[in-house]
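The values are calculated or read from the model by the stated rules, or taken from the named source; none is laboratory data. Since this is a predicted model, take the numbers as computed values, not measurements. Note that we place each Cβ from the backbone using ideal geometry, even for glycine, and neighbour counts take in every protein chain shown.
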Amino acid sequence: MQHKSEVNTIITYFFKLVEKQFHTQIQKIQFDNGREFFNSQTREFLKNLGVLQQSSCIYPPQQNGVVERKHRHLLNVAHALHFQSNLPLNFWGDFVLTVAYLINRLPTNVLKCHTPHEILFNKKPKLSHLRVFGCLVYDHNTHITHKFDERASPGVFLGYPHGKKGYKIFDLSSKKIYVTRDANFHETIFP
């Protein structure tokens, strides 16, 4: 979300996604006290669906305990990825997205040693595609114009793009981010 004004669009999309993908209806939703959640458009949307809208109390953090712990968990693991990869902090979004991707594929005691992915999709997640975050990657160069052109270009592995079967790569020479499926990982080298 880039702007708080996008809340209505995102909530509408989320409700449709849950209904289509998981064949279930949301019965209750709880927000913090952000004013963007309590506009007339959001209230009317939730009222028409028969969804209870709740908010947490302003000061006691006990009501946000689960969310706060998960937030802290995400940030702690993201910090570890940052420390290991030695990437600049402007990649913080990639740290957090990759951590969320990994956590959703790890068993948890809360779900009786099942993964969140397994509970949502009724199948165990595949793990063979997982790679070490921030490692050196050589992507096969498909734009060869001369027989002595480089066959591969170096990059840094940044995670798993949403909605694509591939890897998110930061090209070290062009300084651009792209997605590829065909790459050679050097998981012990961190450029």
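Being in contact with a Leu (Cβ under 6 Å, 6 or more places away or on another chain) and in contact (Cβ under 8 Å) with a residue 24 or more places away in the chain is the filter here; which residues of the range 89-121 pass it?
Asp94, Phe95, Val99
Out of the range 167-191, which residues are assigned to a loop (DSSP other than H, G, I, E, B) and under 21 Å from Tyr101 (Cβ atoms)?
Arg181, Asp182, Glu187, Phe190
Testing Asn8 on (1) under 16 Å from the mean Cα position of the chain (by Cα); (2) part of a helix (DSSP H, G or I), one condition comes back false. Which one is that?
Failing condition for Asn8: (1).
Condition first: of a type in the set (A, V, I, L, M) and outside any helix (DSSP H, G or I). Can you find one or more residues in the range 61-83 that meet it?
Within the range 61-83, none of the residues are of a type in the set (A, V, I, L, M) and outside any helix (DSSP H, G or I).
Identify all residues within the range 15-43 that are surrounded by fewer than 10 Cβ atoms within 10 Å (Cβ to Cβ) and in a strand (DSSP E or B); write none if there are none.
Residue satisfying the conditions is Lys28 alone.
Does Cys135 fit the bill of being among the hydrophobic types (A, V, I, L, M, F, W, C) and modelled with pLDDT of 95 or more?
Against the criterion (among the hydrophobic types (A, V, I, L, M, F, W, C) and modelled with pLDDT of 95 or more), Cys135 qualifies.
Does Glu19 meet the test of being over 30 Å from Asn122 (Cα atoms) and of a type in the set (Asp, Glu)?
When the stated conditions are applied, Glu19 does not pass them.
Of the conditions (1) out of contact with any Leu (no Cβ under 7 Å at 6 or more places or on another chain); (2) in a helix (DSSP H, G or I); (3) within 30 Å of Thr180 (Cβ to Cβ), Lys124 clears all except one; give me its number.
The number of the failed condition is (2).
Just checking, how many residues over the range 118-128 are over 18 Å from Lys20 (Cα atoms) and either in contact with a Cys (Cβ under 6 Å, 6 or more places away or on another chain) or surrounded by 10 or more Cβ atoms within 10 Å (Cβ to Cβ) (or both)?
Looking only at that region, the number is 3.
Just to check your reading of the model, which residue among Thr142, Thr115, Thr98, Thr108 is among the β-branched types (Val, Ile, Thr), surrounded by fewer than 13 Cβ atoms within 10 Å (Cβ to Cβ) and either at pLDDT 90 or above or more than 14 Å from the chain's Cα centre (by Cα) (or both)?
Thr142
Could you grab the pairs with beta carbons closer than 7 Å, sequence gap of 6+ or different chains, first residue in the range 59-77 and at pLDDT below 90, second one among the polar types (S, T, N, Q)?
Cβ pairs passing all conditions: Gln63/Ser56; Asn64/Ser56.
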